[in-house]
Amino acid sequence: MYGVSRITARQAILDLEKDGMVNRGRGRGTFVIWKPAMSETLEGIRGFTEEMRLHGRQPGTSSWHASTRACGRRMAAAFGLDPEQEAFVVERVCTADDIRIAYIISCFPDGGFSYLGGSVYEETGAPARVEEEFSAQLPDEEVVSSLNISRTLPVLVRKRLGFDSEGRVMEYSLTYYRSDLYSWNRTQ
């Protein structure tokens, strides 16, 4: 009908699905789900769940793992920690409207809590104060796999130190956002 082979059309739909622009389901068909990129205003202290709700998106978690273990080389390098330092570590892939948006690794030095896959701040309470650093980089294989993105798509990185009301560090977190679906803005 349009002079395009079935294989080419299938590959195009798979590419659109990988980019988060369509959702395919067996017995349901293929649906366009793409929405414009979200732009987070850097005001206040919000977690991923609250931020997605502010954008009118349905927040979710497609996968997560939580355990008490050594914080590891990635967190040690980012925050100058001893890689063997014990902490409660939560790794999760967060979604907005079932699209993978962010891969978050959080370390809580004061130990565990009963994380059940929802909002971390609903479990721990939000920090009283944060220090954040923002950058862009090409993703490593762990981030590529977690977000189901191309190795050539840069990711936005948020490095956050969260402090409790007494000034003690309560959270170290690294968040990797898809740069094609997320941005930050600040107005002063």
Practice task
Report, by residue number, each residue of the stretch 134-146 that is polar (S, T, N, Q) and not in a strand (DSSP E or B).
Solution key: S145, S146
Exercise for the section: Could you tell me whether the stretch 161-183 includes any residue that is at pLDDT below 80 and either assigned to a strand (DSSP E or B) or crowded, with 20+ Cβ neighbours inside 10 Å (or both)? Expected result: yes
Problem - In the stretch 147-160, the residues that are over 21 Å from G60 (Cβ atoms) and part of a strand (DSSP E or B) - result: V157, K159
Completion exercise
In the stretch 100-133, anything within 17 Å of Y177 (Cβ to Cβ), modelled with pLDDT of 75 or more and surrounded by 14 or more Cβ atoms within 10 Å (Cβ to Cβ) is listed as R100, I101, A102, Y103, I104, I105, S106, V130, E132
Problem - Pairs with Cβ under 7 Å, 6+ apart, first in the stretch 2-23 and of a type in the set (V, I, T), second surrounded by 16 or more Cβ atoms within 10 Å (Cβ to Cβ) - result: I13/V22; V22/L16
Handout entry: the stretch 134-156, residues that are at pLDDT 90 or above, over 18 Å from I99 (Cα atoms) and of a type outside the set (G, A, S)
Key = Q137, L138, D140, E141, T152
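The values are calculated or read from the model by the stated rules, or taken from the named source; none is laboratory data. These numbers were taken from a predicted model, which means no experiment stands behind them. Don't worry about glycine lacking a Cβ; one is built from the backbone with ideal geometry, like all the others, and counts go over all protein chains shown.
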